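To start, the structure itself, in structure tokens.
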Amino acid sequence: MTAYSKEGNQDGLPGMIGTWAEDGIGCEECHGPGSTHVAEPEKNKLKVDTTALACGKCHQRGGLQPAALASKGFIKHHEQFNELTGGAHKDLSCIECHDPHKRAILVKASCADCHEDQAASYAKSLHGASNIGCTECHMARAAKSAIKTGKAAGDVRSHLFTINTDPKAEMFEKKGDKEYTKGYLTLDFACLNCHGSRDMNWAAKMAKNIHNSK
């Protein structure tokens, strides 16, 4: 909610924790007060923050630590910032791929924009020729908001990107009374949701040359 404050109760309702100025994510949530800008546009410039942290104030759960919270074998929902900063693309800003003024699924960049060589070789592989996109493996559905469709298939794509090809790798670890991701996807999420009749050892063997496999 725009201009959210933890203090008070919206509309005087005790069940509504906190107050806010506007329902949903309005322009002022990211760009600051518009009234002062309108009054003195040269003096009061609109805020433009392109860092991942600007998105992370909402797209995180339980803090801004570079590791996403997990539970019962899945990443918890709404932790894209934690996944990003704890994964291979920790130095990227969210707007490298996403237009903040459009739906997140309408990405403005492709993996090939940065990973040109890998994309070229992958296009010649069996998976590439079958039009299986990079996100199917590198952004596997390792997070869960409500349902799962398999042992390693949630309903939200991950932002970890790196795949650990060790068949014995563990994706989660306990720290105190909480569980977190280790910053990578394991082969069960990346491979076995499609190759359900196979196992982790088979996936590890096949993944060694995946971008060039025929």
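Can you confirm whether segment 123-131 contains a residue that is assigned to a loop (DSSP other than H, G, I, E, B) and either closer than 20 Å to Phe189 by Cα or in contact with a Lys or Arg (Cβ under 6 Å, 6 or more places away or on another chain) (or both)? Within segment 123-131 (the criterion being assigned to a loop (DSSP other than H, G, I, E, B) and either closer than 20 Å to Phe189 by Cα or in contact with a Lys or Arg (Cβ under 6 Å, 6 or more places away or on another chain) (or both)), the answer is yes, since at least one residue qualifies. Taking the conditions (1) among the acidic types (Asp, Glu); (2) surrounded by 12 or more Cβ atoms within 10 Å (Cβ to Cβ); (3) in contact (Cβ under 8 Å) with a residue 12 or more places away in the chain in turn, Glu173 satisfies each one other than (3). Highlighted here are the strands (runs of 3 or more DSSP E) found entirely within segment 5-101 that include at least 3 residues which are within 27 Å of Ala153 (Cα to Cα): 69-71, 74-76. Taking the criterion of being closer than 19 Å to His127 by Cβ, assigned to a loop (DSSP other than H, G, I, E, B) and touching a helix residue (DSSP H, G or I) at 6+ places or on another chain (Cβ under 8 Å), the residues of segment 169-197 that qualify are Cys191, Leu192, Cys194, His195.
Scanning segment 179-203 for residues that are closer than 27 Å to Ala67 by Cα and either among the basic types (Lys, Arg) or not assigned by TED's automatic domain parsing to the domain that holds Lys90 (or both) gives a single hit, Lys182.
Please go through segment 108-127 and pick out each residue that is touching a residue at least 60 places away in the same chain (Cβ under 8 Å) and not basic (Lys, Arg).
Gln118, Ser121, Tyr122, Ser125, Leu126, His127 - these are the residues of segment 108-127 that are touching a residue at least 60 places away in the same chain (Cβ under 8 Å) and not basic (Lys, Arg).
Cβ-Cβ contacts under 7 Å between residues 6 or more apart (or on different chains), taken from a first residue in segment 21-37 that is among the hydroxyl-bearing types (Ser, Thr, Tyr) to a second residue that is surrounded by 12 or more Cβ atoms within 10 Å (Cβ to Cβ) and at pLDDT 90 or above, are listed as Thr36/Asn44. None of Leu106, Leu84, Leu92 is modelled with pLDDT of 90 or more and in contact with a Lys or Arg (Cβ under 8 Å, 6 or more places away or on another chain) except Leu84. Name every residue in segment 147-163 that is within 20 Å of Ile105 (Cα to Cα), part of a loop (DSSP other than H, G, I, E, B) and either of a type in the set (A, V, I, L, M) or outside the structural domain of Asp91 (by TED's automatic domain parsing) (or both), in order of residue number. Within segment 147-163, Ile147, Leu160 qualify. Residue selection: Asp166 satisfies the criterion of being assigned to a loop (DSSP other than H, G, I, E, B), modelled with pLDDT of 95 or more and of a type in the set (Asp, Glu).
Among the residues of segment 11-35, those that are under 24 Å from Lys47 (Cβ atoms) and over 23 Å from the mean Cα position of the chain (by Cα) comprise Gly18, Thr19, Trp20, Ala21, Glu22, Asp23, Glu28, Gly32, Pro33, Gly34, Ser35.
The values are calculated or read from the model by the stated rules, or taken from the named source; none is laboratory data. It should be emphasised that the depicted structure is a prediction, and the values quoted were computed from it without experimental measurement. Every residue, glycine as well, gets a Cβ built from its backbone with ideal geometry; the counts of neighbours run over all protein chains shown.
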